[in-house]
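Rule-based calculations on the coordinates, nothing more; no lab input. Everything numeric here is computed off the predicted structure, so don't read it as measured data. Here the Cβ positions follow ideal geometry from the backbone for every residue, glycine too, while neighbour counts run over all protein chains shown.
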Amino acid sequence: MEIIIKRDAEEASLEAAALFRRQLREKPESVIGLATGSTPLRFYELLVEMGRERVLDTAHAVTFNLDEYVGLHPSHPQSYAAYMRAHLFNHLAVARSHIPDGMAADIPRHCAQYEEAIRDAGGIDWQLLGLGSDGHIGFNEPGSSLGSRTRLKTLTARTVADNAAHFASPGEVPRHVITMGVGTILEARRCVVLAFGAGKAHAVAAMAEGPITALVPASVLQMHPACTLIVDEAGAGALQRRDYYRWVYENKPAWQRP
Ligand code: F6R
């Protein structure tokens, strides 16, 4: 796993946006996996700015979101469908976008179709991930099968509390979600994980330096052949080898830079 430590969330988001732009330059019809939440908000703003300045062309890209709340209609302001429209799709054209349908009548069938749609698109080339403070990726909470596929999951009380800020009250946060599985995520050709702030520092260290365990689903990314973790200083606070990660980045060959 490559670990990039940036001064703050702004610089980290700029790095992620540069990696994204390189991906689309190399393969304009890339299949992109997208995350929601607070962490990628600045990243999406940067994509929109680059689109406006015509240094980024997403018109041929196909996107798949990681997850959606069960029971929220796409028009619900807290649905991830609404989030994606507000922060990206209303401003930047893509060829096709996919988000799990939280209102699906037959959830197992819908999940199988979502997996099939990813396969039919050729698999995910570039997957953006946020990191839950409990070590989740997508909404694969601790204890999730490391080989899991898109399915229904029940959120932990901690994730409900973490996400309550976006709802009128914690009671309104749905308990269930549809999420790509850990196995689905691992099949992406490249993963880029963003984690900012001291509240993520322990999850970051457990993910990158701890044992691979279902108790920290993100830790399985240690097995991924092309995973980049981009953190700010606060998010890097509990990493034991942070000086080495800085050293590696400073000495990165020019051809490896975005
Ligand atoms: C959202 C998702 C989640 C978030 C994670 C971090 O699509 O998949 O794994 O990335 O919960 O959320 P924030 O960024 O709000 O701290």
What whole number of Å gives the distance from the Cα centroid of segment 226-251 to the Cα centroid of segment 75-114? 33
Out of Ala218, Ala121, Pro174, whose Cα points farthest toward the positive end of the dipole of segment 120-258 (charges: +1 Lys, Arg; -1 Asp, Glu; placed on Cβ)? Ala121
Give the long-range amide H neighbours of Val216: residues separated by 5 or more places, or on another chain, with amide H under 5 Å away, using H modelled in the peptide plane at 1.01 Å from N. Gly143
With Cα springs under 10 Å, the Gaussian network model of the chain assigns the largest mean-square fluctuation among Lys200, Lys153, Lys27 to Lys27
Cα centre as origin, Lys/Arg/Asp/Glu Cβ charges: segment 47-160 dipole, Debye: 100
Dividing the Cα convex hull volume of segment 51-146 by residue count, how many Å³ per residue is that? 133
Most mobile of Asn90, Asn65, Asn140 in a GNM of the chain (Cα contacts under 10 Å): Asn90
Under the Karplus relation 6.51 cos²θ - 1.76 cosθ + 1.60, θ = phi - 60°, what is the ordered set of whole-Hz ³J(HN,Hα) values for segment 188-196, x standing for Gly and Pro? 4, 6, 9, 10, 10, 10, 10, 8, 10
Which of Asp106, Asp125, Asp162 moves the most in a Gaussian network model of the chain with Cα springs under 10 Å? Asp106
Percent antiparallel among DSSP beta bridges (both partners in the chain, rounded to 5): 25
If unit charges are put on Cβ atoms (+1 for Lys and Arg, -1 for Asp and Glu) and the dipole of the chain is taken about its Cα centre, the option from His110, Phe139, Ala95 lying farthest towards the positive end turns out to be Ala95
Charge dipole (debye, nearest 20) of segment 156-223; +1 at Cβ of Lys and Arg, -1 at Cβ of Asp and Glu: 80
To the nearest 20 debye, segment 2-256 has a Cα-centred charge dipole, built from +1 on Lys and Arg Cβ and -1 on Asp and Glu Cβ, of 220
Computed Rg/Rh for the chain (Cα atoms; Rh = Kirkwood radius) stands at 0.94
Give the residue from Phe64, Phe196, Leu24 lying farthest towards the positive end of the charge dipole for the chain; charges sit on Cβ (+1 for Lys and Arg, -1 for Asp and Glu) and the dipole is referred to the Cα centre. Leu24
Lys pairs under 26 Å by Cα in the chain, provided they are eight or more residues apart or on distinct chains: 5
